[in-house]
Number of protein chains: 2
Amino acid sequence: MFKKILIAEDMEDINKGVHTLLTELGVSQIDQVQYCDDAYLKVKKADLDKEPYDLVVSDLSFKVDHRLQTYTSGQALVEKLKEEFPNLKVIVYSVEDRLQAVRTLFNQHNIDAYVCKSRNGLKNLSLAISEIAKGETFLSPEVSNAFSSANELEIDDYDISLLDNLSKGLSQDEISALYRKENISPASLSSIEKRLNKLRIQFNANNAIHLVAIVKDLGLI
Amino acid sequence: MFKKILIAEDMEDINKGVHTLLTELGVSQIDQVQYCDDAYLKVKKADLDKEPYDLVVSDLSFKVDHRLQTYTSGQALVEKLKEEFPNLKVIVYSVEDRLQAVRTLFNQHNIDAYVCKSRNGLKNLSLAISEIAKGETFLSPEVSNAFSSANELEIDDYDISLLDNLSKGLSQDEISALYRKENISPASLSSIEKRLNKLRIQFNANNAIHLVAIVKDLGLI
DNA sequence: ATTCCTCTTACGGAAAACCGTAACTCTATT
DNA sequence: AATAGAGTTACGGTTTTCCGTAAGAGGAAT
C-alpha cells in the first residue's frame, strides 16, 4: 500500500473527505494543497529530498483567485507531473464526466486512475487505490465506456451531418424529410432517433442540446 | 498617410495581395513576415532603431509548423504589440467573423480596425487604412453589428447562466430546481421558458439546440 | 431455401419542450 | 389608497424528443 500521498483539491471539504478516507486506509503521510503550483512544488521538493510521493490525487478544476498560478488546471498539473515524474502514480478525482477528457488524460498523460466525484466517489477512489497498488489502472463506472472499443472512432459523415443539422435548428422530423428528399439513408425519424441515441451514449450527453454542445466543443461541427 | 507598414500573414498569396494594395496606396516601406514572432521582433527592432512602424496589418490564424513560436496566434501577437507599443496602429485582417472575438480585440486589445477577408476584403482594408489615418477606427460590414446591435447588450448574467446550464445538459425542469435551491430568481419553469423564448427570438433560433449552438459560436458560453 | 444477423422502419407511451393565456406579486406613482 | 406596469408564476394544450419494443428488408453463409 502507499505510504506517502498528496491531495490536490481546492475545495476544503472534499479535500478533508479524501484525507479521512486515506487515513482509514492506513496511509501514514498525507499532504494536502489547494493550488496546482503548490502541488508541483511539493512533489518536486519531495523528489529532491529523496522522499518522493507514491501517489497524487488531483482534482481537475481549480477556482482562480488572487494567487497567480503557473498551472491553472488539474490537467496542466497532471501533464507536468507525469512528464517530469513518470513513475509517480496519479489519480484524477473530478466531477467532470466528458469521455473525451478522460481519454486524453489516459492516452496523452498516462494517468493511472480516473474517479468521478459522485455519490460513490470515495468508494470508487478507494477501489482505484487498491487497483493501482496492484499495478492496474482504474476507471469510474460513470465513464467506463470512455474506451469501450465500439465508440472509439465510429463517428461517420452521417453522424456529423446529423449533428450539424441539429445545430442548425432543424427538428428530427425536418431532418428526416430532408434526408428523404436528398436520398440520404437512413431517413426515417426512427432511425434518426436511434442514431442520436447512440451518439448521446457515446458522448455521455443527457439530451440533444448537451450533445450538440459537446461536439461543438470538440470541434466536430 | 502611413509610410512604414508591416504585414503579418502566413499565406503567401494574401500577403502579396495586401502588399500590392499598399503599394498602390503609395506606402513607401512595406515589410512582410509569415510568423508572429518575426512580426514582434521586426516591430521591436524598428522601435529601437527609432524608425518605428506606423501600422501593422495582421492575420489572426497562423498555421503551425516546425518553427516553434512564442506567439502562436494573431490574437497573442496583437495583444503583445498593443501592450508594448500602444501608439502603434493595428489592423486585424482575418476570415474570422465571430462577433465575440471582434469585440474582445477592440475592447481588450484596443485594435484600430477589424477587416474581414471576403470578396471586398481588400477594398475594406483600404477603407480601414484611410479611416485610421484620420484617427478613426474601422469595422468590416460583415461584423458591423458586433457593437451596434442592441440585442446583444441586453443579455445579462442570468441569460448566460441559463444558456450555460442548458449546454451542460440540464433540462429546464432541472434548471428550475437548481435555481430554487440556490435562490436565483426567477426560478419557475414558466419564467425559464419565457426567458428562453425571448433569447430564441433575439438570436433567430428555431429551438433550444439551435440557440445553444449559436451562442456557443458567438463565444457567449 | 433457411437461418442468422444487421440495418431500417414503424408504433406507442412517457417526458420534455414549446406556446398562449391568465393570475399573482411587487414597486412606483399619483 | 388606488392604479398601472413589469416581472414572476401557474396551467393547459400541442408538438417534439426520448425510449422501448417489434416488425420488415436485405445480405451472407452454410
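For this structure, a couple of remarks:
- In range of the label at A:TYR158: residues from segment A:184-221 whose backbone nitrogen is under 13 Å from the point 7 Å along Cα→Cβ: A:184-199
- Cα-based shape type of segment A:1-109, given that a ≥ b ≥ c are square roots of the gyration tensor eigenvalues and the cut on a/c is 1.5: rounded
- Cα centroid separation - segment A:8-83 against segment B:26-79, whole Å: 40
- Flagged links, alpha-carbon separation over 25 Å, of B:LYS82/B:LYS168; A:LYS3/A:LYS45; A:LYS16/A:LYS123; B:LYS50/B:LYS123; A:LYS194/B:LYS198: B:LYS82/B:LYS168; B:LYS50/B:LYS123; A:LYS194/B:LYS198
- Between A:GLU131 and A:LYS45, the contour length at 0.36 nm per residue exceeds the Cα-Cα span by 28.3 nm.
- Cα convex hull, segment A:152-206: 77 Å³ per residue, rounded to a whole number.
- Residue mean of other protein chain beta carbons inside 10 Å, B:163-171: 4
- Peptide B:207-217 is shielded by partner chain Cβ atoms: per residue, an average of 6 of them sit within 10 Å of its Cβ.
- Taken over chain A, the convex hull of the Cα atoms encloses 134 Å³ per residue.
- On the beta carbon distance between B:SER73 and A:SER73, with R0 = 22 Å, the FRET formula returns roughly 0.65.
- Think of chain A as having a plus end and a minus end, set by charges on the Cβ of Lys, Arg, Asp and Glu; of A:ILE192, A:TYR179, A:GLY169, A:ILE192 sits farthest toward the positive end of this dipole.
- The protein assembly as shown: C-alpha gyration tensor shape, a/c 1.5 cut-off, then a/b vs b/c: oblate
- With N the number of residues in segment A:89-203, Rg(Cα) / (2.2 N^0.38 Å) evaluates to 1.39.
- Peptide ranges B:48-55, B:64-71 listed from the most packed, as the mean C-beta count within 10 angstrom indicates: B:48-55, B:64-71
- What separates the A:PRO86 label point from its copies, with the point 7 Å along Cα to Cβ, is 5.0 nm, written shortest first.
- Computed on segment A:68-221, with alpha-carbon pairs under 8 angstrom and 6+ residues apart, the relative contact order is 17 percent.
- Helix-derived mean residue ellipticity, 222 nm - over chain B, DSSP H n ≥ 4, -39500 (n - 2.57), to 500: -15000 deg cm²/dmol
- For the peptide A:104-116, the mean number of other protein chain Cβ atoms found within 10 angstrom of a residue's Cβ is 0.
- Across the identical copies, the label point of B:SER118 (7 Å from Cα in the Cβ direction) is separated from its matches by 4.6 nm, in order from shortest.
- Label point 7 Å beyond Cα along the C-beta direction, distances from A:THR137 to other copies (nm, shortest first): 4.8
- A P(r) calculated from all alpha carbon pairs of segment B:17-61, with 5 Å bins opening at zero, reads 5, 19, 29, 25, 17, 5 percent.
- Take A:5-15, A:193-203 and order them by the average number of nearby Cβ atoms within 10 Å per residue, most first; the result is A:5-15, A:193-203.
- The residues packed around B:ASP49, meaning those with a beta-carbon under 15 Å from its beta-carbon, carry a net charge of +2 if Lys and Arg are +1 and Asp and Glu are -1.
The numbers here are math on the coordinates, done by the rules we state, and not lab data. Everything numeric here is computed off the predicted structure, so don't read it as measured data. Positions of Cβ are backbone-derived with ideal geometry, glycine not excepted, and every protein chain shown enters the neighbour counts.
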